[in-house]
Amino acid sequence: MKQEIELLGNKVEYTHKVSKRAKRLRLAVHCGGEVTITTPRFVSQNFIKKFMFQKSEWLLNKIEELKNIPKKKTAKETKADFEKYKDRALIIAKRKVLKFSKIYNLKYNKISIKNQSTRWGSCSRKGNLNFNYKIALLSDELANYLAVHEICHLAEFNHSKKFWNLVAMTIPNYLVLRKQLKGVE
């Protein structure tokens, strides 16, 4: 639902999304300067406004930075991209998972390529590994990090210190790569 707030003398329009899966508030600025705040259920409007006031300087800077960048592709374009890159993505994902699963001595079930808008990958409790088709567009280093991240979930189904220690065994600079991956569209 579209809403508006005044921050440091600037009117900011934003979209409020409620998610069953959200555990915390997430504030995002998209290309074109569009603002979205995603919250768990039952978060009050007062709490949302306080949160946005706390982030107002960052938020206004991000809006300014991204307002002249064209908006993301339409669903039709992303479907075409998915069709174009899915086979290559599967080859890359399989190669990387095979390599790193041997290093970690972890078994997986199957690998799938998905057209996801917000996730780079996922691991199910059944040992199925899913990767975004955009793995085919990543640098080798980022694709390695993504594969290792999902493989380590086979041993640790969380993001605990133990999980990150596993990742660090083969990707010692994972913090840098994680930040880079968050910045990739």
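The values are calculated or read from the model by the stated rules, or taken from the named source; none is laboratory data. The structure displayed is predicted, hence computed values, not measured ones. When we count neighbours, we look across all protein chains shown, and the Cβ atoms used for this are built from the backbone with ideal geometry, even at glycine.
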Review point. Is it fair to say ILE92 is over 24 Å from HIS30 (Cβ atoms), in contact with a strand residue (DSSP E or B) (Cβ under 6 Å, 6 or more places away or on another chain) and either among the β-branched types (Val, Ile, Thr) or touching a residue at least 60 places away in the same chain (Cβ under 8 Å) (or both)?
Key: no
Check your understanding: Could you give every pair whose Cβ atoms fall below 7 Å, whose first residue belongs to the stretch 162-185 and is touching a residue at least 24 places away in the same chain (Cβ under 8 Å), and whose second residue is of a type in the set (S, T, N, Q), counting only separations of at least 6 or pairs across chains?
Key -> ILE171/ASN144
Point to revise | So LYS161, is it at pLDDT 95 or above and farther than 19 Å from ILE103 by Cβ | key: yes
Practice item. Quick one: which residue in ASN130, ASN115 is closer than 20 Å to LEU166 by Cβ and of a type in the set (S, T, N, Q)? Key: ASN130
Study note, to complete from the structure: When the stretch 1-17 is checked residue by residue, the ones that are surrounded by 10 or more Cβ atoms within 10 Å (Cβ to Cβ) and of a type in the set (Asp, Glu) are GLU6, GLU13
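Can you tell which of ASP81, ASP87 is within 21 Å of the chain's Cα centre (by Cα), in a helix (DSSP H, G or I), among the charged types (D, E, K, R) and surrounded by 11 or more Cβ atoms within 10 Å (Cβ to Cβ)?
ASP81
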Check your understanding: In this structure, does LYS107 turn out to be touching a residue at least 40 places away in the same chain (Cβ under 8 Å), assigned by TED's automatic domain parsing to the domain that holds LEU166 and loosely packed, with under 11 Cβ neighbours inside 10 Å?
Key -> yes
Exercise for review: For PHE131, indicate whether it is aromatic (Phe, Trp, Tyr), in a strand (DSSP E or B) and touching a residue at least 24 places away in the same chain (Cβ under 8 Å).
Suggested key: yes
Check your understanding: among the small types (Gly, Ala, Ser) and not in a helix (DSSP H, G or I) - does that describe any residue in the stretch 162-185?
Key -> no
Practice item. Please tell me if GLU150 is under 25 Å from GLU83 (Cα atoms), in a helix (DSSP H, G or I) and in contact with a Cys (Cβ under 7 Å, 6 or more places away or on another chain). Key: yes
Practice item. Among what's in the stretch 37-78 and is exposed (fewer than 13 other Cβ atoms within 10 Å of the Cβ) and among the aliphatic types (A, V, I, L, M), pick the residue that is modelled with the lowest pLDDT. Key: ALA75
Practice item. Please verify whether the stretch 39-55 includes one or more residues that are under 29 Å from TYR145 (Cβ atoms), part of a helix (DSSP H, G or I) and touching a residue at least 24 places away in the same chain (Cβ under 8 Å). Key: no
Check your understanding: Which of the residues that make up the stretch 115-138 are under 15 Å from the mean Cα position of the chain (by Cα), under 23 Å from ARG21 (Cβ atoms) and either outside the structural domain of ARG95 (by TED's automatic domain parsing) or surrounded by 15 or more Cβ atoms within 10 Å (Cβ to Cβ) (or both)?
Key -> ASN115, GLN116, TRP120, GLY121, SER122, CYS123, ASN130, PHE131, ASN132, TYR133, LYS134, ILE135
Review point. Quick one: how many residues across the stretch 98-113 are part of a strand (DSSP E or B) and hydrophobic (A, V, I, L, M, F, W, C)?
Key: 2
